Amino acid sequence: MQSGQEMLETTISTCKSISDGLSDQNEDWSNSIVEIVEKFEEISDTFFFKTMPSIPSTRTAMRDAEALLNAKIALDWNSFKDLIDTLITNSQTVIEKAGMKGTTLT
Amino acid sequence: MSQSKVYYMDAHSESAETSLAAKMITVFDAAGLDQMVKPNDIVAIKVHCGEWNNSAYLRPLYARTLADRIKELGGRPFVCDTTTSTYSPYGSRSSEIDILLTAERNGYSSATLGCPFICADGFIGTSDFLVDIPEGYILKEAYIAQAIAAADALIALTHFKGHSMGVIGGALKNLGIGAQSKRGKFNVHMGGHPTYGLGAAGVFHPENFKGKANTPDWEILEDCCPFNLYEINDKDELTWDGDKCANCLGCFGVMGPRGLMDIPPIQFDAVDAAIADACLGVEKVIGRDKVGYINMAIDISPACDCAGHADVPIVPHLGVFASMDAVAIDMACVDKARAAEGIKGSKAELMEVHNVGDKKFEGAAATFHSQSEVTSINTGHEIGLGNRDYELIECQPGDPARFRFSYDTRLSRPRFAEKFEKFKPFPYDKYDGKGYNRLDVVDLDKVKHHYEDSQNVVDVESSMKTDI
């Protein structure tokens, strides 16, 4: 089983792949992904991600990011629209659980 | 080293002799634990009486049944638990008065047990007996709760489940933590340890304290520590005298989530090893052949009974185990859990460790990714406390007559005929001898029908349109 920290790092890496060139398609989408990367890098290596309770929420975000990247690769922008909303929602959960209550992703 | 014997019965039940209480006694006798009890022996039954609002702890029925068996054998049983560390700012068992009140709320009292329920380490938790354990892996001494140390024999009656620090909460932990006094628990929890203690290995982050004005609940930062080691000073800075940290664990849930303290995973590993050392200390005090173990692997919650709640069990009931070997009995339970399918909707599924073969407790119970569910077991094996290689011996149910209601063994007619004649619980004198005012026949199919499954639902609106 991957640790929460490893899952977070995977998610950051996937999000960076997603954001690469995404602004050509949609500026707002690109900004959202960049913001997720920034927040996740901010909370990376904090105590929460050393604990088992970090795994469920981080794993969900990691899988959301994988699905989003696949949609981007497939140029499936209809699915992408829904999937990015899911990623934003679940990334928010990760941030809240990591102890950064009050942070709102856009 | 030859294999240790672990006596076992599964958790299925369909009769008095296969009830879990009966099975507990069957494996107790099969494992030879009955042979430990001599007439007039004071026999301690060590249980976990459950934290306030926990609901997975063992029902008092098991301790009562065991106490009755010990009385049959001529022993004088008492059931006990010990004061806890102040591991939560709101703990319910940290002093004798608190634990007795909590135990009573949870059903543990002399009235229910038929023998005393006592707090084994005194009012504050300093009533203990010091024992040297040169064989210990980390610990070289242990402080055993006095009432347990003074007993002639000890039965660890354990609810086998998960534990956030121990990973498993089994026989080893029941004695390695549960039979230690409060200062004994500080020892096992690495209080003051130069390498593994929180004072040495924890990383304090006072820079994350945003000041009293920005911390509405700032008082808990000082008040979570009974040793008064946290202080918000005149400069509005949070300070911590880590050198004096006793590892009561009280600040973990306060400081960790706020980013004020990195709790060191290595401390948890060290504690898990020390648990086996401390368990050996208990056996040395009482006598290696005077300590027996029963593991009730039922209601296997991911968290310990020391949590003030109980989550959905992660695996189904595994069964009832007994042995003279604390290491073997815990290993047997871990193996059974690994071989089981995790329960759908439980934390085992959430953590994706629900498949046969998965290490359920490492995934669903541990606090840190690196913890192992066999650390205490392996340590116990290393120091000669017991043997992780075991033979699992399946026991057959005992004589049904032995497990019937014991206060009156007569059949129904001799017990009740005279009284029924006198008090007439069935009114034969009414309704032509039928006794009650009831309809003779009703449509029972109507109330047995599953209406939500009905296929012949008539869409009134569309049928009306068709008719038109």
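Bear in mind that the values in this text are calculations on the coordinates, not laboratory data. Worth saying up front: this structure is predicted, and the values here are computed from it rather than measured. Ideal geometry is used to build each Cβ from the backbone, glycine not excepted, and the neighbour counts take in all protein chains shown.
Odds and ends about this structure:
- Whichever lysines have a C-alpha closer than 23 Å to that of residue B:212, once near sequence neighbours (fewer than 8 apart) are set aside: A:97, A:101, B:235
- Charges were assigned to the Cβ only: +1 to each Lys and Arg, -1 to each Asp and Glu. The resulting dipole of region B:101-260 about its Cα centre is roughly 500 debye.
- Remark on region A:1-80: Rg and Dmax equal 13.0, 38 Å (Cα only).
- Expressed per residue, the C-alpha convex hull volume of region B:194-298 stands at 144 Å³.
- Residues A:45, B:440, ranked from the fewest to the most other C-beta atoms within 10 Å, line up as B:440, A:45.
- Pairs of alpha carbons in region B:237-365 separated by more than 22 Å make up 53% of all such pairs.
- Gyration tensor (alpha-carbon) shape descriptor, region B:156-225, a/c threshold 1.5: prolate
- Cβ-based exposure ranking for B:296, A:52, in which fewest neighbours within 10 Å come first: A:52, B:296
- Simple spin-label estimate for residue A:38 and residue B:311 gives 3.4 nm between the two label positions (7 Å along the Cα-to-Cβ direction from each Cα).
- Computed E for residue B:451/residue B:406 - FRET, C-beta separation, R0 45 angstrom, nearest 0.05: 0.45
- Under a 5 Å amide H cut-off, with hydrogens placed 1.01 Å from N, residue B:342 pairs with B:355, B:356 among residues at least 5 apart or on other chains.
- Exposure proxy order (Cβ contacts within 10 Å, fewest to most) of B:404, B:183: B:404, B:183
- Residue-count net charge about residue B:148 - beta-carbon cut-off 14 Å; Lys, Arg +1, Asp, Glu -1: -1
- Against chain A, whose longest principal axis comes from its Cα atoms, helix A:4-19 is set at around 20 degrees.
- Divide the volume of the convex hull around the Cα atoms of region B:84-159 by the residue count and you get 136 Å³ per residue.
- Summarising the strand pairing of chain B, around 50 percent of its internal DSSP beta bridges are antiparallel.
- Nearest 10 degrees, 0 to 90: helix B:326-339 Cα axis against chain B principal axis: 60
- Karplus-derived 3J(HN,Hα) values for region B:352-359, using 6.51 cos²θ - 1.76 cosθ + 1.60 with θ = phi - 60°, are 6, 10, 9, 7, 4, x, 5, 7 Hz; glycine and proline are entered as x.
- The local environment of residue B:120, defined by Cβ-Cβ distances under 13 Å, has a net charge of 0 under the rule Lys, Arg +1 and Asp, Glu -1.
- Computed [θ] at 222 nm, deg cm²/dmol, the protein assembly as shown (DSSP H ≥ 4; -39,500 (n - 2.57); rounded to nearest 500): -11000 deg cm²/dmol
- Straight Cα distances below 22 angstrom link residue B:434 to the lysines B:419, B:422, B:424, with same-chain residues fewer than 8 positions distant left out.
- Dividing the convex hull volume of the alpha carbon atoms of chain B by its residue count gives 244 Å³ per residue.
- Beta bridges by DSSP in the protein assembly as shown, antiparallel share as percent, to the nearest 5: 50
- Length released on extending from residue B:228 to residue B:434, taking residue separation times 0.36 nm less the Cα-Cα span: 66.7 nm
- Angle between chain A longest axis and helix A:77-97 axis [Cα atoms, degrees, rounded to 10]: 20
- What separates the Cα centres of region B:267-328 and region B:20-88 is a distance of 13 Å.
- Kirkwood Rh, angstrom, the protein assembly as shown [1 / mean 1/r, Cα pairs]: 27.0
- In this structure, the amide hydrogen of residue B:141, modeled 1.01 Å from its nitrogen in the peptide plane, lies closer than 5 angstrom to those of B:133, counting only residues at least 5 positions away or on a different chain.
- Here's the list of aspartates and glutamates a cross-link from residue B:347 could span, going by alpha-carbon distance under 18 Å and ignoring same-chain residues fewer than 8 apart: B:299, B:305, B:311, B:358, B:362, B:373.
- Alpha carbon centroid spacing (whole Å) that separates region A:65-90 from region B:135-175: 51
- For residue B:128, residues with placed amide H under 5 Å, excluding near neighbours: B:146
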